[in-house]
């Protein structure tokens, strides 16, 4: 049986004996599989952490009755789309700059990646102060230029996008690093062949860099879209879903239910989020990762 | 006219000189092969002609244009890369037409040129495929197609066959030779494979250490190598060498002997040889023949039987190893002692600096 595990699906034998996989399988089972299946079960119960009574799909019905859930759903998808879109565009542009012959390239690469290493809560608190409508540095700076800055986090139509902007600032370093790896892996011969053909810098970007960094684009979109869909910490640190419910996402709605002691209900919300991510991300990655007959 | 000339061309990487002053002229329609070991500067020289490497000093003329600082696209060249550099996301059709698309050539002209190149290279049936769906030989063809559509004055090939297996290499070699005849264009071809160089070239340029060692027709390089390096590099199996001393000079016949050689007469230019000189004798494995009265005595080592011929490794008196090529069916046993004679008209003497002192017209 052990050797049966060691044989892979396509009939090739693994070079390692089956029991090598056991430690990882145990860790994965206990810490990932069990909680996942447990949450599927608890989403069908009224649960007080100590007792759980089965109530069927009532939590899901209740969850979808939440008055601001639709707003939360729309916000979640919007947030994910805006942050991943901006990370792709800005990450690619930064990577192009940081793979070209510029001075202080190493230092600039480190600087771009730095925000990724900072605590999200810290970033959230800092930007909340910076984005204060009257005393924040951003609006004070704008007022020096004679521009009346908006209420970044207090204007309901702006709050979600302000948080998204901070999310992009914090996460674009990772996207840039992924793009840098993708771009430097493109063989130099392609650019030299294009140079002999008379390609301009823009044509090189359009016909070589962009299509050949597609795997990097797929990775950036997938990671940042999933990250955007399940975003919670930055939203909670900056707006707590407010003003009102203007910047609520599914994760913050779930957290509020959890805070109120509706553990079964919030678990059902998590199952909904899980399904939402699967439904949106699986087709996106399938399209992005379609192979193009690479050499 | 697509002649090409290099005069005193040098290339330095920082303080490191890699091309140390190359003078070369290439006629219109000539097939020139740059050959040499890894790191000899042959690819660098080709890339300098292409415009992919800057020329540190000297002059590069293509036709009558000084091209030192000219952009590659304006030089009238096309290059086939070792890796083929085919864009994996584009079809064969788009790969072949890529340069024309960049140059904003009208679509109908582009289509005509692509199909014409495909016809010449017999790859019409491959036009819709992606490079990943092609064999090595087919990719090679596409890479050549991409060069052809540009209708360049000079084709540059950078080790184009080195990624192919031996059998395919022979086929593609013939196809490139055929293509050269059909197109009549000037071609410069870089390889480290001297068989490729010998079979394809009108003119071979042997490079070592960034210096041109010899320029000439293949047979000239084989028969009259200018120095020890060319003698050892051109010809397969390699030329055999051993140190000798000049005993006597009689007209253009020089008698030499050494630890491995007893009284051998070689033809040489008498003006460069005096009795008592220490020299290196070079004899090609094909120019040795068993002869009881021969001047070289050796013990048979490894015997490689290839069918049509037998390659025998020999251990000479001094311990030097030589090779000799004999008939395919000659009976030989390891350890046997063999006396060999060398053809005096084909053996070559090199002076202490490694320069050939043998002149033959």
Residue by residue through the range B:203-218, note down the ones that are under 11 Å from the mean Cα position of the chain (by Cα) and not in a strand (DSSP E or B). B:217, B:218
Please enumerate the residues belonging to the range A:117-132 that are surrounded by 15 or more Cβ atoms within 10 Å (Cβ to Cβ) and not in a helix (DSSP H, G or I). A:131, A:132
Given (1) under 25 Å from residue B:213 (Cα atoms); (2) within 14 Å of another protein chain (Cβ to nearest Cβ); (3) in contact with a strand residue (DSSP E or B) (Cβ under 7 Å, 6 or more places away or on another chain); (4) surrounded by fewer than 20 Cβ atoms within 10 Å (Cβ to Cβ), index of the condition residue B:21 fails: (2)
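For the condition surrounded by 17 or more Cβ atoms within 10 Å (Cβ to Cβ), in a strand (DSSP E or B) and either out of contact with any helix residue (DSSP H, G or I) (no Cβ under 8 Å at 6 or more places or on another chain) or in contact (Cβ under 8 Å) with a residue 24 or more places away in the chain (or both), what is the one hit in B:188, B:176?
On the way: B:176 fails: in a strand (DSSP E or B).
The unique qualifying residue is B:188.
Taking the range B:31-55 as the search range and keeping residues that are more than 14 Å from every other protein chain (Cβ to nearest Cβ), touching a helix residue (DSSP H, G or I) at 6+ places or on another chain (Cβ under 9 Å) and outside any strand (DSSP E or B), which one is surrounded by the fewest Cβ atoms within 10 Å (Cβ to Cβ)?
Let us first name the residues in the range B:31-55 that are more than 14 Å from every other protein chain (Cβ to nearest Cβ), namely B:31-42, B:45, B:55.
From the residues that got through so far, the ones that are touching a helix residue (DSSP H, G or I) at 6+ places or on another chain (Cβ under 9 Å) too are B:31, B:33-37, B:55.
When the remaining residues are screened for being outside any strand (DSSP E or B), the result is B:36-37, B:55.
Values: B:36: 27, B:37: 13, B:55: 19.
Result: B:37.
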Scanning the range B:56-84 for residues that are free of Cβ contacts under 8 Å to residues at least 24 places away in the same chain and closer than 22 Å to residue B:12 by Cα, which turns out nearest to the other protein chains (Cβ to nearest Cβ)? B:72
Count, please, the residues in the range A:180-191 that happen to be farther than 16 Å from residue B:101 by Cα, in contact with a helix residue (DSSP H, G or I) (Cβ under 9 Å, 6 or more places away or on another chain) and assigned to a helix (DSSP H, G or I). 5
Could you tell me which of the residues A:121, A:102, A:90 is over 19 Å from the mean Cα position of the chain (by Cα) and in the same structural domain as residue A:180 (by TED's automatic domain parsing)? A:102
Does residue A:237 fit the bill of being away from every other protein chain (no Cβ under 14 Å), assigned to a helix (DSSP H, G or I) and surrounded by 16 or more Cβ atoms within 10 Å (Cβ to Cβ)? yes
With the checklist (1) under 22 Å from the mean Cα position of the chain (by Cα); (2) under 23 Å from residue A:218 (Cα atoms) in hand, flag the one item residue A:97 doesn't pass. (1)
Just to verify a result, which residue in the range A:198-208, among those that are in contact with a helix residue (DSSP H, G or I) (Cβ under 6 Å, 6 or more places away or on another chain) and at pLDDT 90 or above, is farthest from the other protein chains (Cβ to nearest Cβ)? A:204
Run residue B:73 past the list (1) more than 14 Å from residue A:193 (Cα to Cα); (2) over 21 Å from the mean Cα position of the chain (by Cα) and report the number of the one that doesn't hold. (1)
Taking the conditions exactly as written (within 13 Å of chain A (Cβ to nearest Cβ) and assigned to a helix (DSSP H, G or I)), does residue B:109 satisfy them or not? no
Return yes when residue B:221 is out of contact with any strand residue (DSSP E or B) (no Cβ under 8 Å at 6 or more places or on another chain), part of a helix (DSSP H, G or I) and either touching a residue at least 40 places away in the same chain (Cβ under 8 Å) or away from every other protein chain (no Cβ under 13 Å) (or both) and no when it is not. no
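Inside the range B:341-360, can you point out the residues that are assigned to a strand (DSSP E or B) and surrounded by 19 or more Cβ atoms within 10 Å (Cβ to Cβ)?
B:342, B:348, B:349, B:350, B:356
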Within the range B:126-137, how many residues are part of a helix (DSSP H, G or I), under 17 Å from residue B:97 (Cβ atoms) and either more than 8 Å from chain A (Cβ to nearest Cβ) or touching a strand residue (DSSP E or B) at 6+ places or on another chain (Cβ under 6 Å) (or both)? 1
Scan (1) in contact with a helix residue (DSSP H, G or I) (Cβ under 8 Å, 6 or more places away or on another chain); (2) at pLDDT 90 or above; (3) within 14 Å of chain B (Cβ to nearest Cβ) for the single condition residue A:175 breaks and write down its number. (3)
Assuming residue A:114 fulfils every condition listed in (1) part of a helix (DSSP H, G or I); (2) in contact (Cβ under 8 Å) with a residue 24 or more places away in the chain; (3) surrounded by 12 or more Cβ atoms within 10 Å (Cβ to Cβ) apart from one, which condition is it? (3)
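The values are calculated or read from the model by the stated rules, or taken from the named source; none is laboratory data. All values reported here derive from a predicted model rather than from experimental measurement. Methodologically, a virtual Cβ is constructed for each residue, glycine included, from the backbone with ideal geometry; neighbour enumeration extends over all protein chains shown.
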